[in-house]
1. Arranged by the count of other C-beta atoms within 10 angstrom, fewest first, what order do Ser105, Ser57 take?
2. Can you give the Kirkwood hydrodynamic radius of segment 8-107 from its Cα pairs, in Å with one decimal?
3. Want the number for Asp56 to Met102: 0.36 nm per residue separation, take away the alpha-carbon distance, what's left?
Amino acid sequence: MTELRPAPRQLALLAAEMRDDWDYEDTRQALIACSLAGWDSERIYRAVFRLLLQPDSSPASLRQEARDPTKADRPLRVVAEPGEEAAATAYTRSKADEVRAMLASRDHQPPSDGVA
């Protein structure tokens, strides 16, 4: 088997296409969270497809697993408390911006909109 190539943008698009309740931007942010948590591509793909098959899951479920992978095998809380979703999204975006800035300064390239 050839090595898997990361394709986070396509994965987020596929998830949004497969499930009307999975927003592309929310899914992209969840994939960034997984990447920042040190997950490799295979682990991300497996988690996404497992969650896509669970009717009550959402991109928030994926972010929750990235924060606490020990909860991956237990039912996930998919309804966030007021403000929790916005705070998690803001944190994920800030960390993604930090990674993009770090990579851009290292490579002397302008930051892109791609997933880390």
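Read-outs throughout are calculated quantities, based only on the coordinates presented, and are distinct from any laboratory measurement. Please read all numbers here as calculations on a predicted model, not as lab measurements. All Cβ positions, glycine included, derive from the backbone under ideal geometry; neighbour counts span all protein chains shown.
1. Ser105, Ser57
2. 13.8
3. Contour length minus Cα-Cα distance gives 13.0 nm.
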